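First up is the structure itself, then whatever we jot down about it.
The values are calculated or read from the model by the stated rules, or taken from the named source; none is laboratory data. What you see is a predicted model; the values in this text were computed from it and never measured. Here the Cβ positions follow ideal geometry from the backbone for every residue, glycine too, while neighbour counts run over all protein chains shown.
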């Protein structure tokens, strides 16, 4: 095979990525329109992201730890409320574990925010959720000691 480039800019042996095993090559003049009916509300345009940004793993982990800790705190508070305000020792241990998860999630969220070329949605949500969890545990501890 030669390295000759065709006039339309595509090498003939490059396969069309959208073709269904027909072996055809991609050429600009061979666009076909789809013939099936779609509702206008259900049509989605392909969205391309022209950036090198990524979702950082530390930020995603921060968000997940915050959600796990929030669910644990909600379940502990509900269980203590259902028991008439008397919390069992296992609810206190679960609250301390949720507090530890929140601190770890907050640290991971801050470390993720310091990275370059990232999307900041997950680290930001992780920082917010973990901060609220920590404040909730502090509030519950102060109110429980009164």
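For residue 87, indicate whether it is over 15 Å from residue 133 (Cβ atoms), touching a helix residue (DSSP H, G or I) at 6+ places or on another chain (Cβ under 7 Å) and at pLDDT below 90.
yes
Are there any pairs, at least 6 apart or on different chains, whose C-beta atoms fall under 9 Å, with the first in segment 44-55 and on the phi < 0 side of the Ramachandran plot and surrounded by fewer than 10 Cβ atoms within 10 Å (Cβ to Cβ) and the second assigned to a loop (DSSP other than H, G, I, E, B) and at pLDDT 70 or above, and if so, which?
Filtered contacts from segment 44-55: 51/117; 51/119; 52/117.
Being in a loop (DSSP other than H, G, I, E, B), in contact with a helix residue (DSSP H, G or I) (Cβ under 7 Å, 6 or more places away or on another chain) and either under 19 Å from residue 102 (Cβ atoms) or at pLDDT below 90 (or both) is the filter here; which residues of segment 34-79 pass it?
56
Answer with yes or no whether residue 92 is in a helix (DSSP H, G or I), under 30 Å from residue 146 (Cα atoms) and modelled with pLDDT of 95 or more.
Judged against the criteria, residue 92 is not a match.
Tally up the residues in segment 96-146 that are assigned to a helix (DSSP H, G or I) and within 17 Å of the chain's Cα centre (by Cα), please.
18
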